[in-house]
1. Hey, rough spin-label estimate for Lys31 and Val75, points 7 angstrom out along Cα→Cβ, what's it come to in nanometres?
2. At a Förster radius of 35 Å, what calculated FRET efficiency corresponds to the Cβ-Cβ distance of Ala160 and Asn22, to the nearest 0.05?
Amino acid sequence: MTGIIKVDTIQSNGGTTAFTVNTEGYVARAKNAAFLAHTPSDATHDQDGVLGWDTEVFDTDSCFVPSTGLYTVPVNGIYCFNACILIEDTNFGVGLYYKNNATLVAFQSYSTGGNNRASSAASITIEMNASDTMGIYWYGSTYGQAFEGAYSHFSGHLLAAT
């Protein structure tokens, strides 16, 4: 026995749209937790700590606070986070994915200073619970590191709710 279900919208029990399917077959969820920020606050970093960010490009659920640099996940799920930091005028800098004030994964930049610049990038896919936080903790061998504009960014999105 075969069957066909034709539907373009599925609603939750409360009557709100849960997801839609367009004519090409793409599924769009009503809630897609995601954010993107760039340009770390204080173009020169003067102390170890979680990076704040100057420019929030988007934040679908208002869960990212640029001044603190922390994203608070809205639901239990698997999340993907990405970060890239471009520095100058330093020996080295280390970025750490920082979940609930604890170090997870480190990535490093090394520059000989002067006109030389260095970048580092890292991604992490991790299971998180609602209300967990994620940020980028940064420390360097010397202070006064200059971060390079839109070349530095931090983003994340929900891959799947659990």
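Where a number appears in this text, it was derived from the coordinates with a stated rule and is not lab data. All figures in this text were calculated on a predicted structure; none of them were measured in a lab. Quick reminder, even Gly has a Cβ in these numbers, built from the backbone with ideal geometry, and neighbours come from all protein chains shown.
1. Spacing of the two 7 Å Cα→Cβ label points: 0.5 nm.
2. Efficiency for this residue pair is about 0.95.
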